[in-house]
Amino acid sequence: MLVLAEIADKMPTVGEMWLVPFLLACPLAALALHRGWLRWVALVLAGCLSFLFLDMAYDTAYNDPFCDVVWSELGRGWVLHSFNSSAAPLLFVLLVILFRRFVWTRSLIRDVPLRGNVAVEHRRPAE
């Protein structure tokens, strides 16, 4: 018996492959905004999330029973996007850490100067 089915309607689009990792990395990027050990936890969790997406992309491209159909119907570009988008959470969190370190060096709260790693209240001397 021969069964013909379309694979493309069951697979994520290229936009979904890029959007879902970024959306899942947003809470990790919020953690990465903090100074101290939380940003390193966020980086490790983002690496784990990227590894999971990479594993899913590899399984879809090479280990799936329908991998030949995926390659022929969706093409090499779709497979490359699935591999490239798997690095999005790690790169997003790493970019937030680097921006926080080198660009956003001031306090994220306006008019509160930083001393070391701690925001300090700016008080006027009593008259």
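Each value in this text was obtained by applying a stated rule to the coordinates, not by laboratory testing. For clarity, every value in this text was computed on a predicted model and none was experimentally measured. So basically every Cβ, Gly included, is an ideal-geometry build from the backbone, and we count neighbours across all protein chains shown.
Odds and ends about this structure:
- Sorted by Cβ neighbour density within 10 Å, fewest at the top, the residues 76, 39: 76, 39
- Note: the stretch 31-79, Cα convex hull, 72 Å³ per residue.
- Summing charges over neighbours of residue 40, with a neighbour being any other residue whose Cβ is under 14 Å away from its Cβ, gives +4 when K and R count +1 and D and E count -1.
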